[in-house]
Amino acid sequence: MMRRTRRRKKEEVEDIKCACQNLILRSGRGRCGCSSRFSISSCSAVRCSMSMFSILKERVGQILLPGDEFCCGPQDTLPLTDSGRPERLVAGPGLRRSGDRVLVSRSGVLRHKEPNKFWIESQQRRYVPAKGETVIGIVTAKSGDVFKVDYGGSEQASLSYLAFEGATKRNRPNVQVGDLVFAQFVVANKDMEPELVCIDGSGRANGMGVFGAAGLLIKVSLGLVRRLLAPHSDLRADLEQLFPCELVVGMNGRIWVRAASVQQTLILANLLQSCDTMTAPQRQQLFRRIQLGAL
């Protein structure tokens, strides 16, 4: 009796599977018109990705607020003539994916980078460390073989004395409390202490280390930092036309600037802090007035 009951259950499960396959593969195509090797769930995911991608593209350059969301409507369809495979949407800072929806988590302007990256550009000043990002830190203490560095976050990061180019147990780097360091995060986890290094993967400094003689350190928003570090930055090009200067830009919103004189250094620092709230025409007009000596 037990064997007969088990056989009946197996036969019922197989019948259900066959019925489901016939439902999905009926007429050889899914609901959205794709080939029969895709399931219904994958068809709807592709359709949602494409419709959401087009909706986000239409909103690029507009101001979004926390709580705004983008999702698939019932009328969204995938064209049968579209043979190309859609790109997966990448949600950057300020956007968060939740199933078939994209939620806005901070206020700002929606930006887009080809082919499929979207993010929110805002005036945020609070920095959250991320692995691989370079920051400007201030050495606050030295405990044994580790330096404590303030990078502007919720807690201090650790920097080993061996994390410098050419550093050994006998040849220690000359780092004092109060020095500025340009370093990179190798550990950035919410459950672990952040850890910084001043060398890249090959053991070279590559511009990192102790710096900051005769310069000025200022604090700006994270959005202005991203604009300065863009490959073809209009803001950086305008600054280079004013005075010859040196800039060290950290992803944590700190900028170190030095020019030929103290007066030029102060002018550049004030300009950078003013650019946070200026539009491009206002910034260009201000720079022209400085070039003409009106200020």
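The values are calculated or read from the model by the stated rules, or taken from the named source; none is laboratory data. Only a predicted model underlies this, so the values are computations on that prediction, with no experimental measurement involved. Every residue, glycine as well, gets a Cβ built from its backbone with ideal geometry; the counts of neighbours run over all protein chains shown. Remember, those area values only see protein heavy atoms, side chains included, never the ligands or the DNA or RNA. Shrake-Rupley method; radii C 1.70, N 1.55, O 1.52, S 1.80 Å.
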Qualifying residues in segment 81-102 (those that are under 22 Å from residue 251 (Cβ atoms) and not charged (D, E, K, R)) - the one modelled with the highest pLDDT: 95
Any hit, segment 188-202, residues being assigned to a strand (DSSP E or B) and not charged (D, E, K, R): yes
Candidates 225, 262, 257, 210 - the one that is among the hydrophobic types (A, V, I, L, M, F, W, C), modelled with pLDDT of 85 or more and under 22 Å from residue 148 (Cα atoms): 210
Count - residues of segment 247-276 that are within 22 Å of the chain's Cα centre (by Cα) and more than 24 Å from residue 183 (Cα to Cα): 2
Scope segment 124-142; condition in contact (Cβ under 8 Å) with a residue 40 or more places away in the chain, open to solvent by 70 Å² or more (accessible area, probe 1.4 Å) and within 13 Å of the chain's Cα centre (by Cα); matching residues: 131
Unmet criterion (only one of (1) over 17 Å from the mean Cα position of the chain (by Cα); (2) surrounded by 13 or more Cβ atoms within 10 Å (Cβ to Cβ)) for residue 145: (2)
Of residues in segment 191-205 being of a type in the set (A, V, I, L, M, F, W, C) and modelled with pLDDT under 90, the one surrounded by the fewest Cβ atoms within 10 Å (Cβ to Cβ): 192
Subset tally (residues that are surrounded by 15 or more Cβ atoms within 10 Å (Cβ to Cβ) and either assigned to a helix (DSSP H, G or I) or on the phi > 0 side of the Ramachandran plot (or both)) for segment 207-235: 10
Of residues in segment 103-123 being in a loop (DSSP other than H, G, I, E, B) and open to solvent by less than 50 Å² (accessible area, probe 1.4 Å), the one modelled with the lowest pLDDT: 122
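Out of all the residues in segment 251-266, which are surrounded by 12 or more Cβ atoms within 10 Å (Cβ to Cβ) and out of contact with any helix residue (DSSP H, G or I) (no Cβ under 7 Å at 6 or more places or on another chain)?
Listed by number, the residues that qualify are 252, 254, 256, 264, 265, 266.
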Positions within segment 176-190 being open to solvent by less than 40 Å² (accessible area, probe 1.4 Å) and closer than 21 Å to residue 257 by Cβ, in sequence order: 180, 181, 182, 183
Residue within segment 70-80 that is modelled with pLDDT under 80, part of a strand (DSSP E or B), open to solvent by less than 80 Å² (accessible area, probe 1.4 Å) and not aromatic (Phe, Trp, Tyr) present: yes
Condition check for residue 182: among the aromatic types (Phe, Trp, Tyr) and closer than 25 Å to residue 119 by Cβ: yes
Selection from segment 155-179 of residues that are out of contact with any Lys or Arg (no Cβ under 9 Å at 6 or more places or on another chain) and either closer than 21 Å to residue 255 by Cα or not in a loop (DSSP other than H, G, I, E, B) (or both): 155, 160, 178, 179
